[in-house]
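Have a look at the structure below before the remarks.
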Amino acid sequence: MIKLKVECREANHICDKKQYKEASLREKIVLTFHLLYCRACRKYTARNTKLTKLVKNPRVETLNTSAKHKLQQAFKAELRKQQ
Amino acid sequence: MAEHKINPNDWVKRYSDYLFNYTITRVNDRGIAQDLISETFLAGLKSMANFKGEATERTWLVAILKRKIIDHYRKTNSNKGKAEVRMSYNSGSETEGDWLEERVADPFDKTAEDKIENTELGVALHNCLGKLPEKQAKIFKMKTLLNYETEAICNEMDITASNLWVIIHRARTAMASCMEENWF
């Protein structure tokens, strides 16, 4: 029989992991069970999931590393010219 | 008020994502956005002497970027007649002869407002990201936005996995409350 009760700290850690799909099945069960009786963690989980959804939005853009690198190179060259 | 210092060496690292999101919501093209940012940084460098320290660097760069975006639109519209809006009511041959009313966009479909909200989300998110401590922001970005493996980040940043999760946890808590304040 697996240990079902965990501390909130542990539960939050699992919740964080779950946002990146890195939680194991056992952990997911434990978390669900924890959320049944812990209101604070329910709230945390809700917020955390919401944040994940926001970030997953395709409209959130980041410059990829190579483009950034190129930008930096061009910029450095110009900087050197100035000095 | 503390005087703001200017430090061009960190510009690309610190502001490029924010400016990129800001630009892409306005020009809708990755390539053009990249060019505009690059121009902005160079222009900023040239007029560094004019920076009075009354605003933060980022505000100042955004001000330059705004001019660049306006210039970009002016340039594309400079030829006479291009600025004029042309509408053709019969675009496809299939709809030829249909009543105009039948071709009106579905009001319950995705509306323009949805799009505006979505585009500004990126700006809001990077704004919040800018408020985090630098290390947290970097790791959060690597993990969440760039989808790096946990191990890869650990190796690169030279930290342990549990260390990483603590940082992620703090970053997420801060990001969630920041987004709640600024977004919802």
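The values are calculated or read from the model by the stated rules, or taken from the named source; none is laboratory data. Remember, it's a predicted structure, so these values are computed and weren't measured experimentally. As a convention, Cβ positions derive from the backbone with ideal geometry for all residues, glycine included, and neighbour counts pool all protein chains shown. We work out accessible area using only protein heavy atoms, side chains counted, and drop any ligands, DNA or RNA first. Shrake-Rupley method; radii C 1.70, N 1.55, O 1.52, S 1.80 Å.
How many residues does the stretch B:141-159 contain that are more than 9 Å from every other protein chain (Cβ to nearest Cβ) and not acidic (Asp, Glu)?
Qualifying residue count, the stretch B:141-159: 8.
In the stretch B:165-175, is there at least one residue being outside the structural domain of residue B:28 (by TED's automatic domain parsing), open to solvent by 60 Å² or more (accessible area, probe 1.4 Å) and modelled with pLDDT of 80 or more?
Scanning the stretch B:165-175 turns up at least one residue that is outside the structural domain of residue B:28 (by TED's automatic domain parsing), open to solvent by 60 Å² or more (accessible area, probe 1.4 Å) and modelled with pLDDT of 80 or more.
Quick one: count up the residues across the stretch A:11-44 that are assigned to a helix (DSSP H, G or I) and away from every other protein chain (no Cβ under 11 Å).
19
Here is a list: B:55, B:33. Which entry is more than 12 Å from chain A (Cβ to nearest Cβ) and under 28 Å from residue B:135 (Cα atoms)?
Step by step, each of B:55, B:33 is checked, and only B:55 is more than 12 Å from chain A (Cβ to nearest Cβ) and under 28 Å from residue B:135 (Cα atoms).
Listed residues A:35, A:51; which is under 17 Å from residue B:143 (Cβ atoms) and at pLDDT 75 or above?
From the options A:35, A:51, the qualifying one is A:51.
Would you check which residues across the stretch B:130-169 are touching a Leu at 6+ places or on another chain (Cβ under 9 Å) and over 25 Å from residue A:11 (Cα atoms) and list them?
Residue satisfying the conditions is B:157 alone.
Check the stretch A:33-48 and report whether any residue there is out of contact with any Lys or Arg (no Cβ under 8 Å at 6 or more places or on another chain), open to solvent by 30 Å² or more (accessible area, probe 1.4 Å) and among the β-branched types (Val, Ile, Thr).
No, the stretch A:33-48 contains no residue that is out of contact with any Lys or Arg (no Cβ under 8 Å at 6 or more places or on another chain), open to solvent by 30 Å² or more (accessible area, probe 1.4 Å) and among the β-branched types (Val, Ile, Thr).
Residue by residue, here is whether (1) part of a helix (DSSP H, G or I); (2) farther than 29 Å from residue B:58 by Cβ; (3) open to solvent by less than 20 Å² (accessible area, probe 1.4 Å) holds:
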| residue | (1), (2), (3) |
| --- | --- |
| B:130 | yes, no, no |
| B:142 | yes, no, yes |
| B:155 | yes, yes, no |
| B:163 | yes, yes, no |
